[in-house]
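Below is one structure, written out as structure tokens; comments come after it.
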Amino acid sequence: MIHRASQLFLPTLRDDPADAEAISHKLLVRGGFIRQVSAGVWTFMPLGWRVHRKVEQIIREEMDAIGGQEMLMPVLTPAELWEKTGRLDIPEVFHVEDSPYILPVTHEETVTFHAREIQSYKQLPQLWYHFQTKDRDEPRPRGGLLRVREFIMKDAYSFDRDEESVKVSFEANRGAYKKIFERCGIEAYDVVAESGIMGGKFSVDFLAPSGSGENVLVRCQNGDYAADGDIAEAVPRVPTFPETLVAPEEISTPGVTTCEALADFLGVDIAATSKAMPVTKPDGSVVLALVRGDDRLSEMKLYDAMPGESRPSTDEEIRAAFGASGGSLGPVGFAGEVIADETLRDGQFVAGANKDGYHLRGVEAGRDYEPRFADLREPKEGDRCPVDGGTLEFLVAVEVGHIFNFGSFYSKPLEATFLDEDGQEKPLLGGSYGIGPGRVMAAIVEQHFDENGIQWPRSVAPYDVHLVVLPGADEIALEAAEALSANGLDVLLDDRDQRAGEKFADADLIGCPIRVTAGKKSLEDGRVDVRDRATGVERRLSVAELGKEV
RNA sequence: CGGGGCGUAGCUCAGCCUGGUAGAGCGCUCGCUUUGGGAGCGAGAGGAUCGCCGGUUCGAGUCCGGCCGCCCCGACCA
């Protein structure tokens, strides 16, 4: 197939758009792939839509390969369904004014509505999917296609009879996702996602390292460990402890309220200090979370250690519970519960004395206070791999896929049950598996570009070949285009009346994997120049060779 | 929702501090010369109620107030 650039709606831009920061945002806009309509709301222009559809097709093939059945569920969804599952109050849900409908963020309710037609274990398992628009009133769209308010998602849903079967479905989808990302040319890691907030259900994220993104991927340089930065377990360095004391010793630390200042003031390793973070539970009780002075408290992990709605304590609550202000708080003498990070299990630390302007040296867990231990710290640069002690890398990443085991969360309220072999009526066990092709596009660009533009992997490129026609070479260019097209390749024939430099610049920007140039040199020797976009390697081939070799 | 920034031509921006009748480059049209990495010369068209509303002033793109939109950081994120 041949498309003439002179007839396409393909507005490329010489300058970066003023409001773009992320590479993928800049290049996709400049290359004429996408345009913004309003914050987080985007149009895919002809070129962008071609890429989107290629990504879709890869996803479709891999879903079909594991037995997925494509269907299409509507966007408009009765709010009633969501009322039953308790998701109507999710703030991101768009409500349609003066109507009983909502615009859903995903389709679990709708798919479970249909799953009610499953009657017997004999019909299980099922795997259904569709590509459909999702609307989410995101508080903050950002980064071009990286986070948007409306997008097309491939969401798949599995239904199974028991946990064992759920596992099989889940792993099948995980495998399909790996193939999808591989085929799209994306380096992605499947990592266990934060599960605490979802009440123990299991989910896996696929994180693609990227120049910009909202997630942090923690990865061992030896390749044996990868995790979401929110919940990664990493091995912190061992502190240098001062001389051991038989009992805590009070010291005056006037005006010292941060661990950094404390370590400086006392001349001790900051890792040998402890940091107290009081939180208040719904019943009003104050719990003290304790981490090492050089660590940050992970809210996610604290939630895991102490489920329920807690929040940082107010100044008044702190004063009442400790008799001191923030900056001088510590576990010794505190009457409430203390949850201490594992790093505080051994050794003696400097802690707040619960007396403004004073700290205690030589505070030891188990001797001076009785904590409950938990993993509470945020992993950080310099930590070691929990598997082999190797160096950990912290990479900004984009979440390109999320697979989720939700059990009977939806089937129970929506009464989607089946009759099992033992004659018992049981709720279907579900899983959901999402990928946003638009975000995948952005991630591909984030991983494949240079200073001149995008370098699409062949599998998703808008066209296989960008054929640059220079003056006088129209005839041989057309022959070349037809030879390539006859070979099953999609050709962008740049027949615009523009200078060579501009055409080359556009070709680099748009990023088709192969560029063919027909120009003066072709007229001399009857051949064309074939250049690989990614490597820059160029060779001269006859039209006949083109058909065979490209 | 908190913090910061921005809003002037299709695009990228200057002008605002210090108020006085709106600018540049790119783009667009035509011609000639050029033509293998964003050309040169000439001619030309069109183009911004300076985001909106209000205020101050003889006079507001410029100063003041309010609002809206967009971007970035944070919070949030099925």
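Screening A:L360 with (1) hydrophobic (A, V, I, L, M, F, W, C); (2) surrounded by 20 or more Cβ atoms within 10 Å (Cβ to Cβ); (3) not in a strand (DSSP E or B) gives one miss only, at (3). Of the residues making up region A:496-510, those that are touching a Lys or Arg at 6+ places or on another chain (Cβ under 9 Å) and either away from RNA strand B (no atom under 11 Å from the Cβ) or among the aliphatic types (A, V, I, L, M) (or both) are A:A505, A:A507, A:L509. Selection of first residues in region A:469-491 that are not assigned by TED's automatic domain parsing to the domain that holds A:R53 and of second residues that are assigned to a helix (DSSP H, G or I) and within 11 Å of RNA strand B (Cβ to nearest atom), restricted to Cβ pairs under 7 Å at least 6 apart or on distinct chains, gives the following pairs, ordered by first then second residue: A:V469/A:A477; A:L470/A:A500; A:L470/A:K520; A:G472/A:K520; A:G472/A:L523; A:A473/A:S522; A:A473/A:L523; A:I476/A:S522. Against the criterion of being out of contact with any Phe, Trp or Tyr (no Cβ under 6 Å at 6 or more places or on another chain), surrounded by 20 or more Cβ atoms within 10 Å (Cβ to Cβ) and not hydroxyl-bearing (S, T, Y), A:A272 does not qualify.
State whether the residues of region A:154-164 include one that is open to solvent by 10 Å² or more (accessible area, probe 1.4 Å), within 16 Å of RNA strand B (Cβ to nearest atom), of a type outside the set (A, V, I, L, M, F, W, C) and assigned to a strand (DSSP E or B). The answer is no; no qualifying residue exists. The set of residues in region A:74-92 being open to solvent by 60 Å² or more (accessible area, probe 1.4 Å) and either in contact (Cβ under 8 Å) with a residue 60 or more places away in the chain or in a strand (DSSP E or B) (or both) consists of A:K84 alone.
Taking the criterion of being in a loop (DSSP other than H, G, I, E, B) and either over 39 Å from the mean Cα position of the chain (by Cα) or loosely packed, with under 15 Cβ neighbours inside 10 Å (or both), the residues of region A:535-550 that qualify are A:T535, A:G536, A:V537. Considering region A:45-59 alone, what residues qualify as being in contact (Cβ under 8 Å) with a residue 24 or more places away in the chain and away from RNA strand B (no atom under 16 Å from the Cβ)? If the condition is that a residue be in contact (Cβ under 8 Å) with a residue 24 or more places away in the chain and away from RNA strand B (no atom under 16 Å from the Cβ), then A:P46, A:G48, A:R50, A:V51, A:H52, A:K54, A:V55, A:E56, A:I58 are the ones that fit. A count restricted to region A:93-145 and to residues that are under 30 Å from A:R30 (Cα atoms), within 12 Å of RNA strand B (Cβ to nearest atom) and either of a type in the set (D, E, K, R) or surrounded by fewer than 18 Cβ atoms within 10 Å (Cβ to Cβ) (or both) stands at 8. Mind checking which residues of region A:467-495 are over 14 Å from A:D529 (Cα atoms) and near RNA strand B (Cβ under 9 Å from one of its atoms)? If the condition is that a residue be over 14 Å from A:D529 (Cα atoms) and near RNA strand B (Cβ under 9 Å from one of its atoms), then A:P471, A:G472 are the ones that fit. For A:A305, state whether it is crowded, with 17+ Cβ neighbours inside 10 Å and in contact (Cβ under 8 Å) with a residue 24 or more places away in the chain. It is true that A:A305 is crowded, with 17+ Cβ neighbours inside 10 Å and in contact (Cβ under 8 Å) with a residue 24 or more places away in the chain. When residues in region A:415-457 are screened for being within 15 Å of RNA strand B (Cβ to nearest atom) and either more than 30 Å from A:E182 (Cα to Cα) or under 18 Å from the mean Cα position of the chain (by Cα) (or both), 13 of them pass. On inspection, A:I34 does not qualify as touching a Lys or Arg at 6+ places or on another chain (Cβ under 9 Å), open to solvent by less than 10 Å² (accessible area, probe 1.4 Å), within 16 Å of RNA strand B (Cβ to nearest atom) and on the phi < 0 side of the Ramachandran plot.
Somewhere in region A:113-128, is a residue among the polar types (S, T, N, Q) and assigned to a strand (DSSP E or B)? Within region A:113-128, one or more residues are among the polar types (S, T, N, Q) and assigned to a strand (DSSP E or B). Scanning region A:499-527 for residues that are part of a helix (DSSP H, G or I) and of a type outside the set (A, V, I, L, M, F, W, C) turns up A:G501, A:E502, A:K503, A:D506, A:D508, A:K520, A:K521, A:S522, A:E524, A:D525. The criterion of being within 13 Å of RNA strand B (Cβ to nearest atom), touching an Asp or Glu at 6+ places or on another chain (Cβ under 9 Å) and part of a loop (DSSP other than H, G, I, E, B) holds for A:Y410.
The values are calculated or read from the model by the stated rules, or taken from the named source; none is laboratory data. The structure presented is a predicted model; accordingly, all values stated were derived computationally and were not measured. Note: ideal-geometry Cβ built from the backbone for every residue, glycine included; neighbour counts use all protein chains shown. To get the accessible areas, we keep the full protein, side chains included, count just its heavy atoms, and leave off ligands, DNA and RNA. Shrake-Rupley method; radii C 1.70, N 1.55, O 1.52, S 1.80 Å.
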